[in-house]
Amino acid sequence: MSNPISTQAIWLKRFKLISIIEGFSFLILLFVAMPLKYVMDMPLAVTYVGWAHGILFMIYIYVVFPTARKCSWNFSKTFFALVASILPFGPFVFDRYLSKEEKNMTH
């Protein structure tokens, strides 16, 4: 039988990895691809980066709910995770919050 704390830690680590990757893809879209499109007239940058970010965003949203269930998140924490996904730097702020929680789980 698996240890519930280790199961929670695995889900948190998985979610945090996806969160950071999705967060970076959003920042690349906003601060690299969009300027390339509108300043340098390179619309293909947004096409490819936007496509990648869209897939990563869907994976993030898909993983929020099982992570919330496995880690016993309340409504507000789950809502914060969802809101963080649409804000620049939001996934990084939520990751910091989760890091504190993860540290408390191991002590």
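The values are calculated or read from the model by the stated rules, or taken from the named source; none is laboratory data. Computed from a prediction, not measured in an experiment: that's the story for all the values here. Cβ: placed from backbone, ideal geometry, glycine included. Neighbour counts: every protein chain shown.
For this structure, a couple of remarks:
- Members of the stretch 65-93 that are hydroxyl-bearing (S, T, Y) and over 11 Å from the mean Cα position of the chain (by Cα): T67, S72, S76, T78
- Checklist (1) part of a helix (DSSP H, G or I); (2) over 19 Å from E102 (Cα atoms) applied to T67, failing item: (2)
- Breaking point among (1) at pLDDT below 95; (2) surrounded by fewer than 16 Cβ atoms within 10 Å (Cβ to Cβ); (3) of a type in the set (A, V, I, L, M, F, W, C), for L98: (2)
- Some residue of the stretch 33-55 being within 20 Å of Y97 (Cβ to Cβ), in contact with a Leu (Cβ under 8 Å, 6 or more places away or on another chain), part of a helix (DSSP H, G or I) and modelled with pLDDT of 95 or more: no
This table checks each residue for (1) without any contact (Cβ under 8 Å) to a residue 12 or more places away in the chain; (2) more than 12 Å from K16 (Cα to Cα).
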{"position": "P43", "(1), (2)": "yes, yes"}
{"position": "V46", "(1), (2)": "no, yes"}
{"position": "G50", "(1), (2)": "no, yes"}
{"position": "I61", "(1), (2)": "no, yes"}
{"position": "F65", "(1), (2)": "no, yes"}
{"position": "I86", "(1), (2)": "yes, yes"}
{"position": "P91", "(1), (2)": "no, no"}
{"position": "Y97", "(1), (2)": "no, no"}
{"position": "N104", "(1), (2)": "yes, yes"}
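- Residues satisfying the stated conditions in the stretch 66-84, i.e. hydroxyl-bearing (S, T, Y) and crowded, with 19+ Cβ neighbours inside 10 Å: T67
- Flag if V63 is in contact with a Lys or Arg (Cβ under 6 Å, 6 or more places away or on another chain) and surrounded by 12 or more Cβ atoms within 10 Å (Cβ to Cβ): no
- Condition check for S72: at positive phi and of a type in the set (S, T, N, Q): yes
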